[in-house]
Amino acid sequence: PPFATIVINFYRAPARLFVTGGMELPSAEGITQGCPLAMAMSMDSSLAKLVKDFMELANRLIDVCNKQCSAMTVSLSMDKDFRSLVRLTSAKTFSPIIIPLQSALSVSLPADFPAKEHLPFPVNVAMIVSFQDRIEVLPSVQKPKNIWVKCSDGSTYEMLCKPKDDLRKDCRLMEFNALINKCLYKDAESLKRHLHIRTYSVVPLNEECGLLEWVRHTSGLRHILNKIYR
């Protein structure tokens with residue numbers, strides 16, 4: 001599993017930990033080994049529950065992505081086909097997990113340095129509460145699925161569960177497009193013309209499937225070309 005890979009990489013060899021002043025912190029018991037996640041979990045026990053819920057949510061969403069559908073299937077039921085996902089999010093002890101929207105994942109840099117009170121991420125972000133029952137199966141070869149996520153801000157957000165596609169390249173492409181947008185915002189002429197690339201969040205769940213933010217009021221290039229040539 002991906003989490004096991006992280007642990008193996010950090011615990012493969014002893015780590016040397018240094019604190020302010022150049023002093024070395026011994027790690028003879030191998031509790032943290034310099035792993036930021038393990039260090040945080042050792043200080044806050046509730047973080048272990050958050051990591052567990054997050055991994056469970058990712059696994060259940062992978063099940064949604066890989067659900068086999070026939071050529072005639074146009075919709076699925078979250079309550080009937082993915083009961084484990086419904087039970088997970090409906091539990092009272094389910095951890096607050098941010099819905100992966102572009103607006104929630106974007107980092108802002110401070111205008112002046114040093115900025116001790118600067119918050120790089122948005123403060124009021126939407127948390128996942130539950131999922132709508134209906135799942136739309138799109139009529140393409142890989143049968144991606146549209147899901148609707150109900151969040152703590154009272155809104156419902158549409159996401160795409162895409163199977164059999166390595167989305168790590170798409171994720172890097174969105175990061176590259178974000179850099180291009182920063183360059184466009186710095187140019188006066190580009191800013192005047194409102195030039196920018198519409199980006200969206202891409203969350204790879206493993207090497208073969210992932211979650212994408214659904215961008216409304218857009219059309220795919222293939223759909224546009226089909227309308228023109230028909």
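The values are calculated or read from the model by the stated rules, or taken from the named source; none is laboratory data. On a predicted model such as this, the values are computed, not experimentally measured, just so you know. Reconstructed Cβ throughout: ideal geometry from the backbone, glycine too, with neighbour counts over all protein chains shown. Heavy atoms of the whole protein, side chains included, go into the accessibility calculation; ligands, DNA and RNA do not. Shrake-Rupley method; radii C 1.70, N 1.55, O 1.52, S 1.80 Å.
Contour minus end-to-end for residue 123 and residue 164, with contour as 0.36 nm per residue of separation and end-to-end as the Cα-Cα distance?
Additional length available on full extension: 11.3 nm.
Using a 1.4 Å probe, what is the accessible area per residue for the stretch 107-210, in Å²?
The answer is 67 Å² per residue.
Can you tell me the convex hull volume per residue for the stretch 41-165, based on C-alpha atoms, in Å³ to the nearest whole number?
Output value, Cα hull per residue: 148 Å³.
How would you classify the stretch 135-230 from its alpha-carbon gyration tensor, with a ≥ b ≥ c the square roots of the eigenvalues: rounded for a/c under 1.5, else prolate if a/b is greater than b/c, otherwise oblate?
Prolate shape, in that a/c is at least 1.5 and a/b is the bigger ratio.
Net charge near residue 142, counting Lys/Arg +1 and Asp/Glu -1 over other residues with Cβ under 13 Å of its Cβ?
+2
Roughly what would the spin-label model give for residue 196 and residue 47, points 7 Å off Cα along C-beta, in nm?
Calculated label separation equals 3.3 nm.
By its C-alpha gyration tensor, with a ≥ b ≥ c as the square roots of the eigenvalues, how is the stretch 88-161 shaped: rounded for a/c under 1.5, else prolate for a/b larger than b/c, else oblate?
Judged from the Cα gyration tensor, the stretch 88-161 comes out oblate (a/c at least 1.5, b/c at or above a/b).
If you roll a 1.4 Å probe over the stretch 84-188 with all protein chains in place, what percent of the accessible area is carbon or sulfur?
Carbon plus sulfur share of accessible area: 59 percent.
For the pair residue 185 and residue 216, how long in nm is the line joining their label points, each one 7 Å along Cα→Cβ?
Each label point lies 7 Å from its Cα, and together they span 2.4 nm.
Based on the Cβ-Cβ distance from residue 176 to residue 80, what FRET efficiency comes out when R0 is 41 Å, to the nearest 0.05?
After rounding, the FRET efficiency stands at 0.55.
Want the number for residue 55 to residue 227: 0.36 nm per residue separation, take away the alpha-carbon distance, what's left?
Gain in length upon complete extension: 57.7 nm.
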